[in-house]
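Trainee: Got a structure for you, questions after.
Only the coordinates and a few stated rules stand behind these numbers; no lab work does. All figures in this text were calculated on a predicted structure; none of them were measured in a lab. Cβ placement follows ideal geometry from the backbone for every residue including glycine, while neighbour counts extend to all protein chains displayed.
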Amino acid sequence: MQHKDQEFSSRSEVLDGNEYVNCKFKGCTMVYRGGTLPSITGCQFDECRWQFEEAAERTFVFLRSVYHGMGTGGQQLVESTLNQIRTPPTA
């Protein structure tokens with residue numbers, strides 16, 4: 001579903017599969033469940049909380065277990081993954 005120039009306040013918003021253009025979020029809980037990637041362009045977030053559920057949450061749990069359970073190699077794998085996240089995508 002596309003949301004354009006809308007304001008969201010004090011609500012829970014499931015992001016999966018949605019498109020947000022120039023929207024404003026205040027005091028919201030932003031939920032990503034690991035489904036279809038949302039598109040978020042030009043939006044503002046004020047005092048919002050980010051929450052990961054279902055498949056997205058399992059990914060975090062997996063990475064935590066790799067980091068803490070596989071020694072130096074696991075830590076290097078997770079750090080490498082985070083470095084990939086920090087690198088901007090190319091056009």
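Trainee: Here is a list: ARG11, ARG33. Which entry is among the basic types (Lys, Arg) and in contact with a helix residue (DSSP H, G or I) (Cβ under 6 Å, 6 or more places away or on another chain)? Steps first, please.
Mentor: Details: ARG11 fails: in contact with a helix residue (DSSP H, G or I) (Cβ under 6 Å, 6 or more places away or on another chain).
Checking each option against the conditions leaves just ARG33.
Trainee: Could I ask something else about it? Taking the stretch 27-81, which residues are aliphatic (A, V, I, L, M), out of contact with any Phe, Trp or Tyr (no Cβ under 9 Å at 6 or more places or on another chain) and surrounded by 12 or more Cβ atoms within 10 Å (Cβ to Cβ)? Step through it out loud before you land on a result.
Mentor: So in the stretch 27-81, the residues aliphatic (A, V, I, L, M) come out as 30-31, 37, 40, 55-56, 61, 63, 66, 70, 77-78.
Next, from what is left, pick out any that are out of contact with any Phe, Trp or Tyr (no Cβ under 9 Å at 6 or more places or on another chain): 37, 55, 61, 63, 66, 70.
The answer is ALA55, LEU63, VAL66, MET70.
Trainee: May I ask you to list the residues in the stretch 24-38 that are within 16 Å of ALA55 (Cβ to Cβ) and of a type in the set (S, T, N, Q)?
Mentor: Matches in the stretch 24-38: THR36 only.
Trainee: Shifting gears a bit: Of the conditions (1) touching a Lys or Arg at 6+ places or on another chain (Cβ under 8 Å); (2) surrounded by fewer than 14 Cβ atoms within 10 Å (Cβ to Cβ), VAL21 fails just one. Which one is it?
Mentor: (2)
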